[in-house]
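Q: Below is one structure. I have some questions about it.
The values are calculated or read from the model by the stated rules, or taken from the named source; none is laboratory data. All values reported here derive from a predicted model rather than from experimental measurement. A quick note on method: Cβ atoms are made from the backbone with ideal geometry, for glycine too, and the neighbour counts reach across all protein chains shown.
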Amino acid sequence: MNLKHILMSLAAAASLAACHGGAENSGAALPFDMPQVARPVIPARSASVADFGGVGDGSTLSTEAFAKAIASLSEQGGGRVVVPAGVWYTGPIELKDNIELHLDRNAMIVFSDDKSLYPLVQITFEGLNTWRCQSPISATHAKNIAITGFGVIDGNGDAWRAVKRGKLTEGQWRSKVRSGGIVSDDGNTWYPSESFKFGATSGSDQNVSTWADSKEDFERMRDFLRPVLVAVHNCENVLIEGVTFQNSPCWHIHPAMCTNLIVNDITVRCPHYAQNGDGIDIESCKNVVLTGSRFDVGDDGICIKSGKDKAGRDRGIPCENIIVDDCIVFHGHGGFVVGSEMSGGVKNVMVSNCTFSGTDVGLRFKSTRGRGGVVENIRIENIAMNDIVQDALLFDLFYGGKSASEAVEEGTGEATDMVLRPVDETTPAFRNIHIRNVWCRGARRAMFFNGLPEMNVEHVTVENARIFARTGAEICESTDVLLRDVTVVPERGPALKLNNVKKFRAEEFSCPEGMECALQATGSRNRDILVSSKEITSANACLSAGAAGAVTIDE
């Protein structure tokens, strides 16, 4: 399904909603009402960066030329800023109302590695209000803006990022050390400068300082405050189409608190070792269409967020009405991801016709105690996966800020009966999530549902799935889960492991015949479990004393 099809479907949403309860998407009704998402209206006038003194020779700094071209068109009511063929070396670009930044064929924008060109600004990052270096491309409180064309936008990120030794070959590590910078005391991390090292080691919650209050405090760690390549915040009617975005200092594309966003036919890429090199992070946005795009990145590929902890709950802006269709994610920590900053809530999401090849996790839902927020009404269908490093499908309510691979390497343990904690506004909830038509060849684990004992993952359906993995599906601390027509083929261990689950149904569940232990159930809080499978019998079900009375096997 292409963008035109989606927009035509959305245009019909209003009339269809009355008759069918929602818009149409790829021939199927959406599970929520979705208004039309129109392309921004940009005036027909245009101006070339070259007309304002810019030179596309890869050396001449054209920051002023971009600013003048945008200002000239803005004074006339807006228009298209054309970037001709060539290599345009520049500092930050700020978009304004009714401005389209358009790259012609063979046009490349390369952002300068002179960090003094990127002043500290107040911004939202990782779900918190903080100070960061100004983004290479930014827009704030703007209407009708676009980034379009055929060229490449390069963030020159290697000049900004720290690198973990374990992500490089020995040759790459030696080359990085010889280039300058600072090596950490334990010898495992390369920092680009003392300023970066100070920020990384003086106390931070992932990438946001936990102690700095004033701008002067943040200036001490300036190099640590890497910018997002494209930051579009509090904007309305946004189009990003056709362009390749690469090598960001941090996340690549970060729309936050935006309404009516279309992202179509883009490519996002960076080295696999690029720390925090997310593809696109859609935060607290409403009415979003993302389609026909490709991601090959150093962190999560497509990520949905809505603020972090108390700051996100106080903001109270959910991410809602999101369509993701026809996208490919290659390397990345997750293919399609929700969280972990989801404290404002996420609802009404449709993901379809996507391919994940080589990601750490395929479908990744993550949060932790302290976040709060509700993730609900998610529908995912037609997902093909191959060579998934960890889990094909993951719900992790104990996320600790690391990739799934790093968590496994550190030996994250399993608890049979975890202690329940009080439920309050800081308790996150994931519910009403429906997944169907999933194919995965090659994963470490077929699925892992790891809910909180006091707030289970609940009301989740996985239907028509075929997963080949080293180990089977594990469902822990979950309520009202249905696996219907699911095949799990593990290389070792049980095909299905259950721990403290309630109202669980496995209908037409398939696994290899003759398994010594096809089903394993543990924990003392299990109840109402029904497993229907030709391959699972009372003879090859391994049930603990606390689980045996809760499990019924329909042989």
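Q: In the range 539-555, how many are modelled with pLDDT under 95, surrounded by fewer than 19 Cβ atoms within 10 Å (Cβ to Cβ) and not in a strand (DSSP E or B)?
A: 6
Q: Scan F336, F330 and give me the residue that is at pLDDT 95 or above, within 18 Å of D278 (Cα to Cα) and surrounded by fewer than 24 Cβ atoms within 10 Å (Cβ to Cβ). Before you say what the answer is, go through the steps one by one.
A: Details: F336 fails: surrounded by fewer than 24 Cβ atoms within 10 Å (Cβ to Cβ).
It is F330.
Q: For the range 30-83, give me every one of the strands (runs of 3 or more DSSP E) that falls completely inside it and has 2 or more residues that are more than 28 Å from I262 (Cβ to Cβ). Step through it out loud before you land on a result.
A: Numbers: elements: 46-48, 57-61, 79-83.
Filter on the range 30-83 gives 57-61.
Q: Within the range 166-185, does at least one residue satisfy the condition of being β-branched (V, I, T), at pLDDT 95 or above and under 25 Å from the mean Cα position of the chain (by Cα)?
A: Checked the range 166-185: no residue is β-branched (V, I, T), at pLDDT 95 or above and under 25 Å from the mean Cα position of the chain (by Cα).
Q: On to the next question. Can you tell which of D278, D314 is among the charged types (D, E, K, R), closer than 21 Å to R371 by Cβ and either surrounded by fewer than 24 Cβ atoms within 10 Å (Cβ to Cβ) or free of Cβ contacts under 8 Å to residues at least 24 places away in the same chain (or both)? Show your work before the answer.
A: Numbers: D278 fails: either surrounded by fewer than 24 Cβ atoms within 10 Å (Cβ to Cβ) or free of Cβ contacts under 8 Å to residues at least 24 places away in the same chain (or both).
Exactly one of D278, D314 is among the charged types (D, E, K, R), closer than 21 Å to R371 by Cβ and either surrounded by fewer than 24 Cβ atoms within 10 Å (Cβ to Cβ) or free of Cβ contacts under 8 Å to residues at least 24 places away in the same chain (or both), namely D314.
Q: Continuing with the same structure: Collect the residues in the range 348-370 that are part of a strand (DSSP E or B) and among the polar types (S, T, N, Q), keeping them in residue-number order.
A: Once the filter is applied, which keeps residues that are part of a strand (DSSP E or B) and among the polar types (S, T, N, Q), the range 348-370 yields N348, S352, N353, T355, S357, T359.
Q: Looking at the range 106-163, which of its residues are without any contact (Cβ under 8 Å) to a residue 40 or more places away in the chain and either acidic (D, E) or not in a loop (DSSP other than H, G, I, E, B) (or both)?
A: Within the range 106-163, D114, S116, V121, Q122 qualify.
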